[in-house]
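For reference, the structure is listed below as structure tokens.
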Amino acid sequence: MMLHYKRTSDSISVKGKTYKDREKHMPIVLFCVCATTVNAIIPQPQDGATLDELIEYYFSQLYTQDEILGFLLFLHNVMISKRTLKRILRRLNLRRRGVENLLPDIVRKIVDLRRFGYDQVGYRTMWRLLNTLYGVRATQETVRIALSVIDTDGVNARRRRRLIRRSYNSRGPNDCLHVDGYDKLKPFGISIHGCIDGFSRKIMWLTASHTNKNPRYVARYFVEHLKKYKRVPRSVRTDAGTENVLIHRIQMALRYRHRDPSAGVHSVSVGRSTANQRIEMLWSFLMRNFTIFWKNLFNSLVEEGILNNTDPLHLECVRFCFLPIIQLHLNQFEEMWNTHRIRQQGFAEQCYGIPNVMYFQPIIYGKLDQSFALPCGDTVLDDIADQYTEQTLHRGVSHEFRQLVSLVTGLTIEDFDVVQTPDEAKTLYRHLISLMLHTIFA
């Protein structure tokens with residue numbers, strides 16, 4: 001459908017007819033827009049990126065000019081003045097005001113994201129997703145009005161929600177890393193494991209696999225984190241589960257020779273999972289922005305009678321078909337979370353801001369990085385990984401399942417393309433489980 005559209009600050013013009021009340025007549029625009037898929041995810045700058053590419057990326061993530069200067073200095077060792085930054089922004093034609101995509105394009109992408117799994121998010125989260133991950137320029141007001149029409153019941157439900165938070169004290173980034181598993185999708189064969197920095201609330205890792213109870217798999221996440229950041233956190237907080245024993249031993253060994261009060265055995269804190277405040281807070285957001293969508297999808301498969309979540313074969317088939325797209329969804333949630341701005345919570349005496357900024361630029365908040373230099377090199381960490389950890393199963397499936405897939409399809413797992421949408425994953429699951437059951441019971 002050809003849509004002639006023009007918008008001012010307080011009116012909408014569709015097919016030559018102007019409507020003065022934007023919010024009242026938003027349904028007219030929605031009726032004229034047919035949803036299409038937009039896959040313009042903004043890439044992160046690679047090693048060797050130019051100064052223009054770095055500035056363009058950080059600008060696209062909605063950082064302020066001071067925050068961009070901080071990232072250039074602390075992460076890329078590039079020092080430029082604010083005047084130089086403004087001159088580069090003008091040359092690249094990067095500006096905040098007066099730049100917004102057409103309303104039909106914004107609505108299309110909102111509808112696409114809701115179908116992809118972001119049907120429980122508020123307008124601020126949706127606004128950040130549009131701007132930082134997909135390059136769709138929109139104001140918060142436009143997104144708020146669009147969502148109020150698209151999801152009226154959801155907006156009203158979120159408006160009534162009230163959260164009560166406990167007080168949390170931290171000396172700076174890496175003062176305490178909070179580690180825990182997330183089992184809300186475990187009935188469908190998907191286990192999630194995550195870690196969050198207590199001060200900045202930055203997500204350090206968020207991974208889906210076939211289990212989060214094997215200490216060798218869980219320790220692998222921790223070792224990969226150490227290799228990535230080249231630092232040892234002051235302390236690690238976990239629950240008392242046996243899956244965390246190797247993380248405890250690695251952390252205590254790396255902190256053994258330090259002389260601060262939290263060194264050695266004191267660098268590990270163990271308590272009840274429900275009292276692990278920071279990561280429990282993360283799980284509550286994950287429930288609204290991620291879990292509900294996938295639980296509803298899997299429950300619909302159960303109701304259709306094509307998923308038996310008590311049958312190991314069905315669960316392995318779920319992982320094979322859905323795990324890649326679920327991990328992509330988690331990666332997007334992590335990126336969105338680490339770049340969103342945490343607002344001040346009432347009278348709580350806590351630092352607030354953007355997790356990435358708080359983690360990499362703590363001096364702005366009068367804090368210092370609490371981590372310690374690694375007492376060993378990557379070679380030792382590689383030896384630890386080889387001896388005490390294991391890589392998670394590819395697509396979360398066993399060797400026996402791989403053989404069964406080859407038997408019924410004539411293809412190896414590597415021959416299957418990774419699905420791009422939940423609907424594609426559902427279609428693949430229906431075909432694959434039907435072939436397997438037909439082969440087994442033929």
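Derivation of every value follows stated rules applied to the coordinates shown; laboratory data play no part. Computed from a predicted model, the values in this text were never measured in an experiment. Because the Cβ atoms are built from the backbone with ideal geometry, glycine has one as well, and the counts that use them run over all protein chains shown.
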Choice from Asp260, Asp423, Asp180 with maximal GNM fluctuation in the chain (Cα, 10 Å cutoff): Asp260
Dipole moment magnitude, nearest 20 debye, the chain about Cα centre, only Lys, Arg, Asp, Glu C-beta charged: 2240 debye
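For the chain, return all DSSP H helices satisfying: extent of Cα atoms along own axis at least 24 Å; mean Kyte-Doolittle hydropathy at least -0.5. List each step's numbers first, then the result.
Numbers: long enough: 312-339 (39 Å, 0.26); 422-441 (28 Å, 0.19).
The qualifying helices are 312-339, 422-441.
Where the only charges are on Cβ atoms (+1 Lys, Arg; -1 Asp, Glu), what is the dipole of the stretch 63-197 about its Cα centre, to the nearest 20 debye? Could you put the intermediate results ahead of the total?
Working: 27 positive and 13 negative charges, 129 e Å.
Using only the charged Cβ atoms, the result is roughly 620 debye.
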Charge tally in the Cβ shell below 11 Å around Ala385, where Lys, Arg are +1 and Asp, Glu are -1, Ala385 excluded: -3
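Among Phe360, Phe322, what is the fewest-to-most ranking by other Cβ atoms within 10 Å?
Ascending Cβ contact count within 10 Å gives the list Phe360, Phe322.
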When the chain is reduced to its Cα atoms, the Kirkwood hydrodynamic radius in Å: 24.3 Å
For the chain, built as a Gaussian network whose Cα springs stay under 10 Å, the top-fluctuating residue of Leu374, Leu323, Leu147: Leu374
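Longer than 24 Å from Cα to Cα, which of Lys86/Lys230; Lys184/Lys228; Lys295/Lys426; Lys186/Lys227; Lys184/Lys426; Lys186/Lys426 are they? Say none if no pair is. Let's see the in-between values first.
Values: Lys86/Lys230 33 Å; Lys184/Lys228 28 Å; Lys295/Lys426 13 Å; Lys186/Lys227 29 Å; Lys184/Lys426 20 Å; Lys186/Lys426 18 Å.
Beyond 24 Å between Cα atoms: Lys86/Lys230; Lys184/Lys228; Lys186/Lys227.
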Whole-Å distance, taken between Cα centres, linking the stretch 271-335 and the stretch 340-390: 26 Å
Of Ile88, Val121, Gly70, farthest towards positive along the dipole that unit charges on Lys, Arg, Asp, Glu beta carbons give the stretch 46-152: Ile88
Reachable aspartates and glutamates, given that their alpha-carbon falls under 12 Å from the alpha-carbon of Lys82 and they are not under 8 places away in the same chain: Asp66, Glu67
Charge dipole (the chain, unit charges on Cβ, about Cα centre) - positive-most of Leu177, Trp283, Phe59: Phe59
Cα Rg, Dmax (largest Cα-Cα span) when computed across the stretch 107-200, Å: 17.0, 44
GNM flexibility winner over the chain from Lys426, Lys367, Lys228 (Cα, springs under 10 Å): Lys228
Amide H partners (placed H, <5 Å) of Asp180, local residues excluded: Gly194
